């Protein structure tokens, strides 16, 4: 299966395995994917393909992994069962991988701090912004130093009750939150009753 212009790899599908050959690897994609497959195989087997073999320093790099059953959902409407399966898998992902393992993992190439740095580096090159006034206002806001480079912000705490998830935006703990989960003047913002969107990568 050849890569299209949006893809970073070619795929060779076997009966039991998939071989992934990278067409772009400037951001360390093969090493990151192999590290994640290995981590999931150790701590949460069954969530992702099992790593079989890797040639990470070849030109091009390649990874062989087990082939999972199923079909592509792109372009389809997800059923309630499928959405529930995704939520259950995300909950398992966040529950079974120890926090110290996540903390020791290399950050993703486009984590928030890196994204801000890259946007500011791009802004310093004075790119052509076109004529959209909203784009120009956003550019000026970032180029003028917003958000402040020296600002530190504590991450919010996501708390769970039977009625749903909410985000704590004040210095508090889940243990002091109200049982209703409906939010209050303390800065709680109710969110959908789904798994938190924290990434293990």
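A few notes on this one:
A quick yes/no check of all residues on (1) under 28 Å from residue 27 (Cβ atoms); (2) not assigned by TED's automatic domain parsing to the domain that holds residue 23:
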{"site": "44", "(1), (2)": "yes, no"}
{"site": "56", "(1), (2)": "yes, no"}
{"site": "72", "(1), (2)": "yes, yes"}
{"site": "83", "(1), (2)": "no, yes"}
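- Filter result for residue 121 (more than 15 Å from the chain's Cα centre (by Cα), loosely packed, with under 12 Cβ neighbours inside 10 Å and assigned to a helix (DSSP H, G or I)): yes
- Of the criteria (1) under 20 Å from residue 32 (Cβ atoms); (2) touching a helix residue (DSSP H, G or I) at 6+ places or on another chain (Cβ under 8 Å); (3) modelled with pLDDT under 90, which one residue 97 fails: (3)
- Remark: residue 35 matches the filter, which requires a residue to be touching a residue at least 24 places away in the same chain (Cβ under 8 Å) and under 30 Å from residue 119 (Cβ atoms).
- The residue that is surrounded by the most Cβ atoms within 10 Å (Cβ to Cβ), counting only those in the stretch 100-111 that are part of a helix (DSSP H, G or I) and at pLDDT below 90, is 102.
- Strands (runs of 3 or more DSSP E) within the stretch 1-87 that include 1 or more residues loosely packed, with under 15 Cβ neighbours inside 10 Å: 9-13, 51-55
The values are calculated or read from the model by the stated rules, or taken from the named source; none is laboratory data. Note that the structure is a prediction, hence the values are computed from the model and not measured. Here Cβ is always computed from backbone atoms with ideal geometry, including for glycine, and neighbour counts include all displayed protein chains.
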